[in-house]
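These notes concern the structure reproduced below.
Bear in mind that the values in this text are calculations on the coordinates, not laboratory data. Every value quoted in this text rests on a predicted model; they were computed, and no experiment measured them. When we count neighbours, we look across all protein chains shown, and the Cβ atoms used for this are built from the backbone with ideal geometry, even at glycine.
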Amino acid sequence: MPLARKEYSDFQAIAPDAYETVRALGGYAANAGIEEPLLELIKLRASQINGCAFCVQFHVLQAERLGVPSDKLNLVVVWREAPQFSARERAALAWTEALTRLADGVGDEVYAQALSEFSDRELTYLTSAVASINTWNRFGVAYRWTPPARQARVSAAAS
């Protein structure tokens, strides 16, 4: 039987300074003007690679809230084969994968593709978002955070 681990809320209570640092690092990219739906796609992709069930579910729910189409969310795992993704999204996803799988290195082609879609400033902030989600993934996997439940949707007819 696996050892019970601390839940998500404990991290914030136990180490509020660490929690706020990771949260702030992730927020800089949105504050710099990078589109929130794009940020959710890269967070989802890194979380898939890292096997963080909590973060996968969390970022699917966030992306849905922002209006990201379900076909895009379903196909982000195979984005190279899916035509739904723009050149900017493809560059961001390739950048995310390279930074998440650092042992494979960041190839010149991936770097050139990223620079063709993002300014130097944007790419720096995109990198901070990738660093942040990779950090969150490590906490989520290490502490076996439980994926958040989907809230029951209230239909317009019921309101």
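Before anything else, pin down the relative contact order of the chain: Cα pairs under 8 Å, at least 6 apart, normalised by residue count, whole percent.
Numbers: 175 pairs, mean separation 59.5, N = 159.
Worked out over the chain, it gives 37 percent.
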(Q) Suppose each label sits 7 Å from its Cα in the direction of the beta carbon; what would the Ala32-Tyr111 distance come out to in nanometres? (A) 1.7 nm
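List the residue ranges in the chain for DSSP H helices whose C-alpha atoms run 24 angstrom or more along the long axis and whose Kyte-Doolittle average is -1.0 or above. All intermediate terms of the calculation are to be shown ahead of the outcome.
Values: long enough: 120-142 (33 Å, -0.03).
Going by DSSP H runs, the hits are 120-142.
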(Q) Quick check: convex hull over the Cα atoms of the chain, volume per residue in Å³, rounded to an integer? (A) 157 Å³
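Given the -39500 (n - 2.57) contribution per DSSP H run of 4+ residues, what per-residue ellipticity at 222 nm results for the chain, rounded to the nearest 500 deg cm²/dmol?
Mean residue ellipticity at 222 nm (helix-derived): -20500 deg cm²/dmol.
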Q) For the modelled label position 7 Å from the Cα of Thr146 along Cα-to-Cβ, which residues of segment 43-83 have backbone nitrogen atoms closer than 20 Å? A) 52-62
